[in-house]
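A quick write-up on the structure given underneath.
Nothing in this text is a laboratory measurement; each read-out follows from the coordinates by a stated rule. Remember, it's a predicted structure, so these values are computed and weren't measured experimentally. When we count neighbours, we look across all protein chains shown, and the Cβ atoms used for this are built from the backbone with ideal geometry, even at glycine.
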Amino acid sequence: MFKMGSKSAVLLMLLGAAAGSLAVTNASANSNVDILVNKININNLFNVNTVYTGGIGVTENNNGISIYNRFQTYKIKRSLKVTNEYKHKTATLPKGSVVTGYNDGQGNLVNIDNTTLSIKNQSRVRKLGNWHYSYPSVKENNGAANKYVRNTAFSYNSLASVPMLSVKTSKAQVDGATSELPFISVTADKKLVYHKTGQTFRATSYAKISKVKRTHSMITYYLNRRTSGVTTKKVKVGKHYRYRVSLKLAGSFQSGYNGDRGAYNLNVKNGKQVFFLPIDINSPVESQLDLITGYETVSAHDKKISAAYVQGLY
């Protein structure tokens, strides 16, 4: 029988101790990430994907944080012709439509999130193909000149409340899984919509939201009927029975690719069901999480402005 020498035994003991220390460090970092995440006001949820004004990546060249968010909501004052990314087909959104999209800084929409369009407008853009986004046919379209300012089940402080939350499964551990997984969204006409796959933006099922209740930690929707993909509880509201859906932040996880760690993701709990939201790689929120985990280096400049931004989400 092989007998381990004293030097080998000591080396293995040191390696084991180092591995144990690393596990404790990682566990501690993950715990601190969750503490930060769970402080966020859930009504600010999609503000976590506001980005720096500089290019992709955290660098000294970033001079601030963008005032525009791809989940900003607007009400268009005139009809808007949209197309898919290949510009093969077009559809028209009528005057008065409420949309979610990115502002070019000049009052023009760069894109439109199909998943948050009203059910009627989703039908209009369906012929463009199963695309997540539609694109205005004309660059100078004035579509982002007027923010949608009503606080509703759909929008809060001119930001879509739930544009896309993917169902958390084992596939969620891989970056980019949202393109395959089922997801929910809340539409401009205040419907909670379930989509069976990330590649299909035609609603699988939906229900009207008759009431919404917001607190710091939870968004609660009351549906007029049950719908697929969400956990509901039947409750009496006034003289009517409604189906209650509660969404609450519940920590985070880091996905990856080929064994490497990648995007940070926020868990959103709905009863026994869990959804998740990936954080943009150019977000100041990611900078703060990197400071905790040490996964990426964060410049002194971005440490300061990202800290102030994240505190504003609490």
(message) If neighbour count is taken as other Cβ atoms inside 10 Å, put Glu180, Glu286 in order from fewest to most.
(response) Glu180, Glu286
(message) With viscosity set to 0.692 mPa s at 37 °C, what whole-number translational diffusion coefficient in µm²/s follows for region 108-160 from Stokes-Einstein and a Kirkwood radius over Cα pairs?
(response) 267
(request) Enter the angle in degrees (range 0 to 90, nearest 10) between the Cα long axis of helix 284-293 and the first principal axis of the Cα atoms of the chain, meaning the one along which they spread out most. (result) 20
(request) On a 0 to 90° scale, report how tilted helix 300-311 is relative to the longest principal axis of the chain, with both axes built from alpha carbons and the result rounded to the nearest 10. (result) 60
(request) Over the Cα atoms of the chain, compute the convex hull volume and normalise it per residue, giving Å³. (result) 173
(request) Sorted from largest down, give the three principal axis spans of the alpha carbons of region 227-290, whole angstrom values. (result) 52, 25, 15
(message) Give me the three principal axis extents of region 192-308 from the C-alpha atoms, as integers in angstrom, largest value leading.
(response) 57, 32, 22
(request) List, in the order given, every pair from Lys191/Lys234; Lys139/Lys171; Lys39/Lys236 whose Cα-Cα distance in the structure shown is over 29 Å. (result) Lys139/Lys171; Lys39/Lys236
(request) Could you work out which residue, out of Leu247, Leu277, Leu128, moves most in a Gaussian network model of the chain, that is, has the largest mean-square fluctuation with Cα springs under 10 Å? (result) Leu128
(message) To make sure I understand, if each residue's beta carbon is the centre and we count other beta carbons within 10 Å, what order do Met164, Met218 fall in, fewest to most?
(response) Met218, Met164
(request) Provide the packing ranking of 170-176, 232-238, i.e. peptides ordered by the mean count of other C-beta atoms within 10 Å per residue, highest first. (result) 170-176, 232-238
(request) Figure the gain on full extension for Thr92 and Arg261 (residue separation times 0.36 nm, minus the Cα-Cα span) and round it to one decimal in nm. (result) 56.7 nm
(request) Using the Kirkwood radius over Cα pairs, work out the Stokes-Einstein diffusion coefficient for region 25-176 at 10 °C and 1.306 mPa s, in µm²/s as a whole number. (result) 92
(message) If the reach is capped at under 15 angstrom between alpha carbons, list the aspartates and glutamates near Lys208, excluding any in the same chain fewer than eight residues apart.
(response) Asp189
(request) Report the FRET efficiency, 1/(1 + (r/R0)^6), for Tyr295 and Gln199, where r is their Cβ-Cβ distance and R0 is 22 Å, rounded to 0.05. (result) 0.15
(request) Mind checking which lysines have their Cα closer than 16 Å to the Cα of Lys127? Skip sequence neighbours fewer than 8 apart in that chain. (result) Lys81, Lys87, Lys89
(request) Given the options Arg70, Arg261, Arg244, state which has the largest fluctuation in a GNM of the chain using a 10 Å cut-off (strictly under) for Cα springs. (result) Arg261
(request) Would you calculate the separation in nanometres between label points at Lys39 and Arg78, each defined as 7 Å from the Cα along the Cα-to-beta-carbon direction? (result) 4.7
(request) Kindly flag which residue pairs out of Lys213/Lys269; Lys248/Lys304; Lys95/Lys147 have an alpha-carbon separation exceeding 19 Å in this structure. (result) Lys248/Lys304
